[in-house]
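Chemist: Supplied in structure tokens, the structure appears directly below.
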Amino acid sequence: MIEIDNLVIDEKTGEIISHFPRGPKIGHGGLYAAYPIPAVDVLVQAGEIAAKDVLLCLIDYLGETNEVWPSQKSIMKFTKRGKATVLKAIAVLKEYGFIYVYKKPNGIRAENHYFILDACYHHSKMNEKARGYAAITGSCLVCGSALRQGDYKNFNGRTAHWGCSGNIQKKKRANYDSSFVKELVHMATQ
């Protein structure tokens, strides 16, 4: 058995034993939008634009669960990218912990099924590689940690760090690169 986020998958058969009933559960500190803004931000900051395009393609296929299974040709058509680039982008998304891929038998062939993981929407669920590119939005005055969205909460009228409950000093602006802002503007106008 493999457990990832709320997924339990049989390693031998690829069968999903349990999954999200209706999309990812975001919870406190998460950011949900039709598009996974935290993951898009990380991929743009990391310079992984093809991976961002593939992730947005997968998100467009989402229905009532976090599982999608577009063909590679469909992904290539949507992203206007070649097969090698799409395969590399899928590997990047797996490396950053944004998707889980398994091959599901379908007759004599197997098709890829992609699961969109919570890390796409929630900074605190990202792996270390992805968190290294996430925008820092504040710092803890007690332990000195640099904090990203989702690392702190509002508690009894104050903002507190999830880790040590220390007070937070929020930055007036997150350290977004101007290329990220341009990319969001470009996405919004398409």
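Bear in mind these aren't lab numbers, they're just calculated from the coordinates by the rules spelled out. It should be emphasised that the depicted structure is a prediction, and the values quoted were computed from it without experimental measurement. Neighbour counts run over all protein chains shown; Cβ positions are idealised from the backbone, glycine included.
Chemist: What ranking do HIS113, HIS161 get, fewest neighbouring Cβ atoms within 10 angstrom at the top?
Modeler: Values: HIS113 18, HIS161 21.
If I rank by nearby Cβ atoms, fewest first, I get HIS113, HIS161.
Chemist: Fewest first, what order do ASP53, ASP41, ASP60 take by the number of other Cβ atoms within 10 Å?
Modeler: Ordered by Cβ neighbours within 10 Å, fewest first: ASP60, ASP53, ASP41.
Chemist: Which net charge results when you count Lys and Arg as +1 and Asp and Glu as -1 among the other residues whose beta-carbon is under 13 Å from that of PRO38?
Modeler: Values: positive: LYS52, LYS125, ARG131, ARG148; negative: ASP41, ASP118, ASP151.
With Lys, Arg at +1 and Asp, Glu at -1, the net is +1.
Chemist: Give me, ordered by chain and number, the residues 5 or more places off THR159 or on other chains with an amide H under 5 Å from its own placed amide H.
Modeler: Placed amide hydrogens put ILE168 under 5 Å from THR159.
Chemist: Grab the other residues whose beta carbon is less than 13 angstrom from that of THR159, score K and R as +1, D and E as -1, and report the net.
Modeler: Values: positive: LYS153, ARG158, LYS170, LYS171; negative: ASP151.
Result for the neighbourhood of THR159: +3.
Chemist: With 10 angstrom as the radius, rank TRP69, TRP162 by how many other C-beta atoms surround their C-beta, starting from the fewest.
Modeler: Details: TRP69 13, TRP162 17.
Lowest count first: TRP69, TRP162.
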